[in-house]
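**Q** First the structure, which I've put down as structure tokens, then a few questions once you've had a look.
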Amino acid sequence: MEKIVSLCRRRGFVFPSSEIYGGLGSTYDYGHYGVLLKNNVKARWFEAMILERDDMVALDSAVILHPRVWEASGHVEGFTDPLVDCRTCKLRFRADKLDDSQCGRKPSKHPGEFSECDLTEARQFNLMFETTVGPVQDSGSKAFLRPETAQGIFINFKNVLQIARRRPPFGIAQIGKSFRNEITPGNFLFRVREFEQMEMEFFVPPADAEQWYRYWIDARVDWYTRYGLRRSRLRVREHGPEERSHYSQGTSDIEYLYPIGWSELEGVANRGDFDLSRHTEFSTTKLEYVAPDGERYVPHVIEPAVSLERIIVAMLTDAYDEEVVGERERTVLRFHPEIAPVTAAILPLIAKDEGMVTKARLLYEELRKRQSVEYDDNGAIGRRYRRQDEIGTPWAFTVDEQTLADDTVTVRDRDSLAQERLPISGVRGWLDDALERDWTPPES
């Protein structure tokens, strides 16, 4: 994890937020390449969930919802963690995670193991961030930053059903920021207080819920392998009855082998009819489906939900590689070409050669209209290759002396390091074809 964090900082993927003021714990800002990487992941998710399907629609709900939404969902009453305070070191810990925590005193042990530890009794702490709506702070103005995007989907079920003319089975998907006042955030982006969720609620006839639950587990695993995660580093763990929420009729975690061990990447849950029934009760608005033959029922819901940050950490982990090439160590991010923040780099061999620079700039201007490409003439060519390797750029097109003679360029492959020459006029077509080819992660 330390190597990944260092690379992200060095190459401008992710920075600690508010760093010039000493930082703010577990909050991060994304630099240029981090933004491009995030946008590519979101685009691939949006394609798979919405653009490639006929049974899905998109939504973008508000961050601040009516406070009653969170009463209906159970978040006001039950979205809590058990906490203990140490009177000695003044730190706060989750009572159910003491074995994973470190005491603030030396020698550093688990809380409660050091002779001077003085832990309080556990108490419940709500994880929602509170805010106020309007200029006056009183009990009637209290609201919350949403801890999940799902509830915005449920309260729009009737709107989508009527306006989008959908009938079960169909889904509503959205991407958006969520906020949780985590007590023990950490492990880089893995657990943060402000994160971006990608959630989909799939509404199905009650009798079909189990079938669709299993379908979406397989579909989500396939999506990760489609975009480069190794199948050997993914597994599905079904929750036992004691782990599931009281309304859950089935919950599974798609886990990834992070540097911190096997941990949840994405959750898929069969939520039954709990959410629509609760919002019907609290809002007095019927949230049900009425079939053309008059049959009425409250659809059951299958929910695949994931934090974009956890996908980013998984893809960085899976892509990160070190190898020795020509007696020099090379660090490379082997991203899937459709995930990589930069698809191709355009490099004039000699930055001061006007002819090379002119042809390289013309090629760059042509390609940038269709792909995320980068022009780089700063430093020796070997150094530029290494820089693009650390960014994860799959291909580099180099304009050299031969280009001036016959209008061909060298294309270098990031993973194999193989090089070939092709006409400069055919680069755009070659790149389009390369993105269409099947890609599997190289074994390292």
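The values are calculated or read from the model by the stated rules, or taken from the named source; none is laboratory data. Model, not experiment: these values are computed from the prediction. Using ideal geometry, Cβ is built from the backbone for each residue, glycine included, and neighbour counts are taken over all protein chains shown. Note: accessible area is taken over every heavy atom of the protein model, side chains too, but ligands, DNA and RNA are not part of it. Shrake-Rupley method; radii C 1.70, N 1.55, O 1.52, S 1.80 Å.
**Q** Which whole number of Å³ per residue matches the convex hull of the alpha-carbon atoms in region 235-301? Intermediate results must be reported in sequence, preceding the final value.
**A** Details: hull volume 8.1 nm³, N = 67.
With only Cα atoms used, region 235-301 gives 121 Å³ per residue.
**Q** So for D96, D413, D407, what's the accessible-area order with a 1.4 Å probe, most first?
**A** Working: D96 85, D413 45, D407 65 Å².
Putting D96, D413, D407 in descending order of accessible area: D96, D407, D413.
**Q** Taking the Cα centre of region 286-341 as the origin, how large is its charge dipole in debye, to the nearest 20, when only Lys and Arg (+1) and Asp and Glu (-1) carry charge on their Cβ atoms? Can you show the working numbers first?
**A** Details: 6 positive and 12 negative charges, 40 e Å.
In total the dipole reaches around 200 debye.
**Q** For region 1-130, what's the radius of gyration and Dmax over Cα atoms, in angstrom?
**A** Radius of gyration, then largest Cα-Cα span, for region 1-130: 20.8, 62 Å.
**Q** Arrange the residues Y375, Y213 by how much accessible surface each exposes, largest first, with a 1.4 angstrom probe.
**A** Values: Y375 40, Y213 0 Å².
Final ranking, largest accessible area leading: Y375, Y213.
**Q** Still on this model: Farthest toward the dipole's positive end in the chain, which of V313, G25, F13, given Cβ charges of +1 (Lys, Arg) and -1 (Asp, Glu) about the Cα centre?
**A** G25
**Q** Also, I was wondering about something else. Can you give the log10 of the normalised intensity I(q)/I(0) at q = 0.11, 0.19, 0.21 Å⁻¹, computed with Debye over equal Cα scatterers of region 330-444?
**A** Result of the Debye calculation: -0.31, -0.97, -1.19.
**Q** Calculate, axis by axis, the spread of Cα positions in region 178-291 along the three principal axes, and write the results as whole Å, longest axis first.
**A** The principal-axis extents, from largest down, are 47, 33, 28 Å.
**Q** P(r) of region 183-250 in 5 Å steps, Cα pairs, percent per bin?
**A** In whole percents, the pair-distance histogram is 3, 11, 15, 18, 24, 19, 8, 2, 0.
**Q** Now for a different question. 5 Å is the cut-off here: which amide hydrogens, built 1.01 Å from N in the peptide plane, fall below it relative to A143, excluding neighbours closer than 5 in sequence?
**A** Under 5 Å from the amide H of A143 lie the amide H atoms of T131, T132, V133, each far enough along the sequence or on another chain.
**Q** List every residue whose amide H lies under 5 Å from the amide H of E266, counting only residues 5 or more places away in sequence or on a different chain, with H placed 1.01 Å from N in the peptide plane.
**A** Residues meeting the criterion, in which the H sits 1.01 Å from N, are I254.
**Q** What is the spin-label model distance, in nm, from D433 to I64 if the labels are put 7 Å beyond Cα along the C-beta direction?
**A** 5.5 nm
**Q** If you don't mind, another one. Jot down the per residue volume, in cubic angstrom and as a whole number, of the convex hull over the alpha-carbon atoms of region 105-219. Kindly include the intermediate steps, with their values, before the conclusion.
**A** Numbers: hull volume 27.4 nm³, N = 115.
Cα convex hull per residue, to the nearest whole number: 239 Å³.
**Q** Helix 209-226 against the longest principal axis of the chain: what's the angle in degrees, Cα atoms only, rounded to the nearest 10?
**A** 20 degrees
**Q** If you keep only loop residues by DSSP, which trypsin sites (Lys or Arg not before Pro) in region 383-444 have at most 14 other Cβ atoms within 10 Å of their Cβ? Don't skip to the end; give the middle numbers.
**A** Numbers: sites: R383, R384, R386, R387, R412, R414, R421, R428, R437; in loops: R414, R437.
In loop regions of region 383-444 (DSSP not H, G, I, E or B), the sparsely surrounded trypsin sites (Lys or Arg not before Pro) are R437.
**Q** Ok, one more. In what sequence, largest accessible area first, do V204, V136 appear using a 1.4 Å probe?
**A** On the way: V204 0, V136 90 Å².
Descending order: V136, V204.
**Q** Which value, in Å² and to the nearest 10, is the accessible area of S248 when all protein chains are kept and the probe is 1.4 Å?
**A** Roll a 1.4 Å probe over it and S248 shows about 20 Å².
**Q** Please give the solvent-accessible surface of V5 in Å², to the nearest 10, using a probe radius of 1.4 Å with every protein chain present.
**A** 60 Å²
**Q** Suppose every Lys and Arg Cβ carries +1 and every Asp and Glu Cβ carries -1, with no other charges. What dipole size does the chain come out with about its Cα centre, to the nearest 20 debye? List each step's numbers first, then the result.
**A** Values: 60 positive and 74 negative charges, 168 e Å.
Its charge dipole is roughly 800 debye.
**Q** Given W430, N378, V357, which one lies farthest toward the positive end of the charge dipole of region 328-443, if we put +1 on the Cβ of every Lys and Arg and -1 on the Cβ of every Asp and Glu?
**A** N378
**Q** Rounded to two decimal places and with Rh computed the Kirkwood way over Cα pairs, what is Rg over Rh for the chain?
**A** Using Cα coordinates only, the ratio equals 1.03.
**Q** How large is ³J(HN,Hα) for each residue in region 276-285, as worked out from phi by the Karplus curve 6.51 cos²θ - 1.76 cosθ + 1.60 (θ = phi - 60°), to whole Hz, x for Gly and Pro?
**A** Couplings: 5, 5, 5, 5, 5, 5, 7, 9, 6, 9 Hz.
**Q** How much length is gained on full extension from T88 to E243, taking 0.36 nm per residue of separation minus their Cα-Cα distance?
**A** Numbers: separation 155, 0.36 × 155 = 55.80 nm, distance 3.27 nm.
Once the chain is fully extended between T88 and E243, it gains 52.5 nm.
**Q** Out of residues 5 or more away from T251 or on other chains, whose amide H comes under 5 Å of its own, with H placed 1.01 Å from N in the peptide plane?
**A** The answer is H239, N270.
**Q** Once phi is turned into θ = phi - 60°, what whole-Hz ³J(HN,Hα) does the Karplus curve with 6.51, -1.76 and 1.60 give for every residue of region 396-409, x standing for Gly and Pro?
**A** Those phi angles translate into 10, 9, 10, 9, 9, 4, 5, 4, 5, 8, 10, 6, 10, 10 Hz.
**Q** What are the radius of gyration and Dmax of region 241-397, computed over its Cα atoms and given in Å?
**A** According to the Cα coordinates of region 241-397, Rg and Dmax are 25.5, 76 Å.
**Q** Might you work out the accessible area of E295 for me, using a 1.4 Å probe with all protein chains in place, and round it to the nearest 10 Å²?
**A** My reading of the accessible area for E295 is about 100 Å².
**Q** Here's a follow-up. Using the alpha-carbon atoms, what tilt in degrees (0 to 90, nearest 10) does helix 308-319 show relative to the longest principal axis of the chain?
**A** Value to nearest ten degrees: 40.
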